[in-house]
Amino acid sequence: MATTDGQGYQFADFEVTESVKHKFAEDGYIIVRGLLNSKEITKLKTALEGDDAGILTKKYERDDGDGRTSKTALWNNPGNDITGIIARSEKVTGTMEKLLGGEIYHYHAKVIMKEAFTGGAHIWHQDYGYWYENGCLFPDMGTVYIAVDKADKTNGCMKILLGSNKAGRIDHVTIGEHLGADLKRVDELMKVCPLTYAQLDPGDALFFHCNLLHRSDQNSSPNRRWAYLVSFNRASNDPVYKHHHPGYTPLTKVPNSDIMDCGTSMESFGKNFFGGPKEDFSFAKLRDSKTSA
């Protein structure tokens, strides 16, 4: 099985060139090593672990169907704490804006917590498999995955099918408490799209397209795997349905220096937290359509 070891751009000399845009379009992702430097990722990690504002107490759990649960804390509005400043920084928002080809806005952010020995799996899916059901008409969307802890094969790192974004949107169905891609189509794509383990060090970032097929296994190792993810939508792709994530809201970018200058570690006020499956518009839509079929 292939890994992303040795792949990626070093942030110190990174810029979004035409070559980078081409790679993103062809592979469905790019990796920027050291997007957050050691001081910045330590600041984020310390804030998440301290969690003075109780953000992680807002987490919800989903049964992975195999005896374990996945834990996520998700919110819609970035705010001005360290998580919001990172999301709005030039190196996060500015990079994704160039990769997606136009103005973007903050669709949501989340912390995924795969605890040691107990972390649950995420099944094969495309983010656009959900977001299409939310009324986003075009796949002009993407996510920045920032490793808080080291992510590798042993602790359930993300697995991707290289270039699967070019297959377009795949039908998704409800599987337990998850939405998953049609596994027959996934099996066919696995024959032509190399399975790749996205192995990342703390501070590394994976910028990936919303049609990239990905999943992650359970974490049976003694090492936890936490990650911070920020998802963006093109301003021109305002959802046509009111749902549990926001419509177009102008996003104010900030300079990268604001990350270390930020004096607010964690703040829950105004973030508009997602309450889990019970509030999931796309999940309910697909579940109900299956019931009525």
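So with the 1.4 Å probe, I'd like the accessible area per residue for the chain, rounded to whole Å².
On a per-residue basis, the chain sits at 42 Å².
Around R234, what is the net charge, scoring Lys/Arg as +1 and Asp/Glu as -1 over all other residues with Cβ under 13 Å from its Cβ?
Computed value for this residue: -3.
Roughly what would the spin-label model give for E103 and D63, points 7 Å off Cα along C-beta, in nm?
4.5
Carbon-plus-sulfur fraction of the accessible area of the chain, 1.4 Å probe, in percent?
About 50 percent, which is the carbon plus sulfur part of the accessible surface.
Heads up, I need the accessible area for C262: 1.4 angstrom probe, whole protein in place, Å², nearest 10.
20
Can you give the helix-only mean residue ellipticity at 222 nm for the chain, where every DSSP H stretch with n ≥ 4 adds -39500 (n - 2.57) and the sum goes over all residues, rounded to the nearest 500 deg cm²/dmol?
The per-residue figure over the chain is -6000 deg cm²/dmol.
Using protein chains only and a probe of 1.4 angstrom, how many square angstrom of E267 are accessible, to the nearest 10?
About 70 Å², ignoring ligands and nucleic acids.
Starting from the residue with the highest accessible area, list D217, D27, D204, D13 in decreasing order, probe 1.4 Å.
D13, D217, D27, D204
For the chain, state the semi-axes of the equivalent ellipsoid (square roots of 5 times the eigenvalues of the alpha-carbon gyration tensor), sorted largest first and rounded to whole angstrom.
Value: 25, 22, 21 Å, ordered largest first.
How large is the accessible surface of S236 in square angstrom, using a 1.4 angstrom probe and rounding to the nearest 10?
Approximately 80 Å² for this residue.
Express in nm, to one decimal, how much length is gained between Q10 and T42 on full extension, taking 0.36 nm for each residue of separation and deducting their alpha carbon distance.
Gain on stretching Q10 to T42: 9.7 nm.
Just the Kirkwood number for the range 175-243, please: inverse of mean 1/r across all distinct Cα pairs, in Å, one decimal.
Across the range 175-243, the inverse of the average 1/r is 15.7 Å.
Quick one: in the range 1-99, what % of C-alpha pairs are over 20 Å apart?
Cα-Cα pairs in the range 1-99 separated by more than 20 Å: 55 percent.
The values are calculated or read from the model by the stated rules, or taken from the named source; none is laboratory data. Remember, it's a predicted structure, so these values are computed and weren't measured experimentally. When we count neighbours, we look across all protein chains shown, and the Cβ atoms used for this are built from the backbone with ideal geometry, even at glycine. For the accessible areas, the whole protein counts, side chains as well, though only heavy atoms, and no ligand, DNA or RNA atoms are used. Shrake-Rupley method; radii C 1.70, N 1.55, O 1.52, S 1.80 Å.
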